[in-house]
Amino acid sequence: MNRREVLRTGATIGLGGLGCLAGCTAPTAGSAFREGFEGGLGDWTSDAAIGPEVDVAEFEWTVVVSDEQAAEGDRSLRIFTEGDYDDGTAWAVHPVAVDPGRAYTAEVSAEIWSESESFNTLRDAVMRLGPSPPETEEDFPSPGVNTSVLGETPYGGLREPLWLADGWREYSFEWTTPTLSTDTLHVAVGVSVIWEGDATHFVDDLRVTLTPR
């Protein structure tokens, strides 16, 4: 599996529907992308990764649109992960258009559903916004990291415990971007296995707001 350099910026980060509200063109101040999965996956793609001791083909996961749960509307993104290896991450990713040569303050949020509240950390929610899509588990932040407090970093994101509430809970982060040399960012949301046992989570009402700075 590929491994990327670990970024250090005050903390260690493992670098690792409604569609486009702006018509998939470069965003104006305060708007970029919102997704409720009412129209299916569309341009979303999914992927998974697991540690080098396990072939990712042996890791069972699915990312599909479902009508089983919804924070609003009738549908959401269903993410299933098996827990046999106490490891593994599955996610979905979507492009977001930006204006190259500009820097932004990005705000990203999503509603994520857990079946119950638990004091044990069985899964982490992972989110990322950056110039490239994630390819490995290390492309998301390290456990407990949220880039809201880090200032300017190469990408933004979070890795925080699920099962903090019974039902829907909002997860969010901010990212102070450098001056971007790309016209496309990639927003990703997923689930990372911490403890054994299969689990299903749902994602809805994902929003990306980009304010030029």
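The values are calculated or read from the model by the stated rules, or taken from the named source; none is laboratory data. Just so it is clear, the model here is predicted, and its values are computed rather than measured. Using ideal geometry, Cβ is built from the backbone for each residue, glycine included, and neighbour counts are taken over all protein chains shown. We work out accessible area using only protein heavy atoms, side chains counted, and drop any ligands, DNA or RNA first. Shrake-Rupley method; radii C 1.70, N 1.55, O 1.52, S 1.80 Å.
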Q) Of the heavy-atom accessible surface of the chain (probe 1.4 angstrom), what whole percent is carbon and sulfur? A) 45 percent
Q. Given +1 on the Cβ of Lys and Arg, -1 on the Cβ of Asp and Glu, and no further charges, what dipole in debye does the chain carry about its Cα centre, rounded to the nearest 20?
A. 1120 debye
Q.
Considering the Cα positions of the chain, please state its Rg to one decimal place and its Dmax as a whole number of Å.
A. 16.1, 46
Q.
Please report the antiparallel percentage of DSSP beta bridges with both residues in the range 108-193, rounded to the nearest 5.
A. 95 percent
Q) Computed FRET efficiency, Cβ-Cβ of E68 and R102, R0 30 Å: what is it to the nearest 0.05? A) 0.15
Q. Can you tell me the accessible area per residue over the range 145-208, all protein chains present, probe 1.4 angstrom, in square angstrom?
A. 37 Å²
(Q) 7 Å from Cα along Cα→Cβ at both V54 and T211: what's the point-to-point distance in nm? (A) 4.1 nm
Q) How high is the FRET efficiency between D84 and S142 when r is their beta carbon distance and R₀ equals 22 Å, given to the nearest 0.05? A) 0.40
